[in-house]
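Since every read-out is calculated from the coordinates, none of them should be taken as a lab result. Bear in mind the structure is a predicted one, so any value in this text is a computation, not a measurement. Here the Cβ is made from the backbone with ideal geometry for all residues, glycine too, and neighbour counts use every protein chain on show.
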């Protein structure tokens, strides 16, 4: 007698050919190798993974060869470019951009407060 075939849903992280609506989001952080920005990219990745641990499939670090590159992409869409912005991303703003796209109802706690209001509580 044959064993019954499991009808369990496919793992949305492990199956790349699932429709986009069923896949968990992927973030890529491309950083300038020559500028030695790997640690900044890794710190940004750690912050995003800590904040969105159940909403993101992965955060990938991508060594970039273009001088001065530091770009963040969500599912292939550019959401931050250091050259266009004139500096590195504020983590608060980056988290809000990602949250607004993948989990709009999600509360980010202190990251949702305006920067000046958050600093008032530090005295």
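DSSP bridge analysis restricted to region 23-117 gives an antiparallel fraction near 55%, rounded to the nearest 5.
Given the Cα atoms of region 23-117, and with Rh set as the inverse mean 1/r over their pairs in the Kirkwood sense, what is Rg to Rh to two decimals? Reported Rg/Rh (Cα atoms, Kirkwood Rh): 0.96. If the segment from residue 62 to residue 75 were pulled out straight at 0.36 nm per residue, it would be longer than the present Cα-Cα gap by 3.3 nm. Spin-label model, residue 92 to residue 35: label points 7 Å out along the Cα-to-beta-carbon direction sit 2.3 nm apart.
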